[in-house]
Structures are given as structure tokens and as C-alpha cells.
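Each reported figure results from applying straightforward, stated rules to the coordinates on display, with no laboratory input. The model shown is predicted, which means the values in this text are computed figures rather than measured ones. When we count neighbours, we look across all protein chains shown, and the Cβ atoms used for this are built from the backbone with ideal geometry, even at glycine.
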Amino acid sequence: MNETMICAVGNVATQPVYRELATGASVRFRLAATARYLDREKKEWTDGHTNFFTVWANRQLATNVSGSINVGDPVVVQGRLKIRSEVREGQPSWTSADIDAVAIGHDLARGTSAFRRTQRAETAGSGAPARPEPAWETPLPETEDQREAAETEDQREAVAVT
């Protein structure tokens with residue numbers, strides 16, 4: 001299936017709205033992406049047109065966004081672009097651009113961020129026993145004959161490597 005993937009860089013324009021739905025968590029917010037250009041006559045940077053997108057995130061991404069993103073934060077959003085047009089009776093038609101987000105993160109070109117890994121829902125509190133750490137060290141041979149055989153094997157490997 002062909003989908004239009006987009007990567008938009010901008011600022012969070014509205015506070016993210018978090019909702020728990022029957023299909024899982026969902027969050028939405030508006031993203032303002034303003035083009036900037038160098039005005040050579042004035043010799044200064046000037047703001048161009050601002051595009052507004054409604055960003056939708058679902059499931060674990062929605063939960064993480066609600067705890068990480070605030071109004072004014074510079075973000076990078078990647079996802080599927082969806083353009084909707086609607087005509088209402090007695091009203092002019094309107095068009096909206098939505099992004100069904102796949103990934104959202106802070107724009108580190110404009111600041112710093114501290115990453116914190118979250119517990120996955122299916123493993124958090126599942127009561128699954130912790131797996132023991134594997135024994136990474138080679139056990140020592142128990143008898144003199146086994147020790148001599150191990151030394152001989154180590155010598156053969158050393159000769160084969162060189």
C-alpha cells in the first residue's frame with residue numbers, strides 16, 4: 001500500500017490531549033512548522049509561512065508523548081500524512097492536514113533531552129521470573145588430565161591464530 005510518509009520539524013502548539021480508548025491510548029496535539037529564510041535585503045532571518053498539523057499518536061507512543069511533550073517544545077514528527085476536506089452546510093469548505101505519528105522526539109538541534117526507557121506493558125507486573133545471568137566464564141578443568149588437555153588445546157588455538 002502506498003502511503004505518504006512525512007517528517008515535520010516544528011513546535012508543539014497545543015497541550016497534548018490524552019485519552020484512553022477501547023482500542024488503547026491515544027494522544028493528539030497541534031504542530032506548528034514555520035519556514036525561515038534569509039532576507040538578503042534586510043540581512044536577517046525572517047519567518048515564512050506556518051503550516052499547522054494535527055498529530056495523532058496511539059498505544060505506547062501516546063503514553064510516552066503525554067509524559068514527555070509540552071507546549072512550545074521543539075519536536076520532530078515522522079508519520080503518515082492524511083489530508084481531509086470537509087464541506088458543512090452553510091459553511092465554506094475546510095481542509096486539514098493530519099499526521100498519524102510513527103515516531104516523535106525532541107529536536108536536539110535546539111536543545112537537550114534526557115531519555116528514560118519505559119517498561120513494556122506486557123512485561124511490567126506480569127510476575128515472570130527473572131532469567132538468571134548466564135555463566136560467561138569458562139569452567140576450570142576438574143582433573144589433571146583435563147587441565148593438560150585444555151592447555152594443549154589452548155596452545156593449538158594460539159598457533160592457529162598466528
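Looking at segment 79-97, which of its residues are of a type in the set (Val, Ile, Thr) and either surrounded by 15 or more Cβ atoms within 10 Å (Cβ to Cβ) or touching a Lys or Arg at 6+ places or on another chain (Cβ under 9 Å) (or both)?
The answer is Thr95, and nothing else.
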Select, from Val12, Val55, Val76, Val65, the only residue that is aliphatic (A, V, I, L, M), touching a residue at least 40 places away in the same chain (Cβ under 8 Å), surrounded by 15 or more Cβ atoms within 10 Å (Cβ to Cβ) and touching a His at 6+ places or on another chain (Cβ under 8 Å). Val76
Wholly inside segment 1-74, strands (runs of 3 or more DSSP E) that include 1 or more residues that are of a type outside the set (Ser, Thr, Tyr) and more than 29 Å from Gln119 (Cα to Cα) are 24-39, 44-58
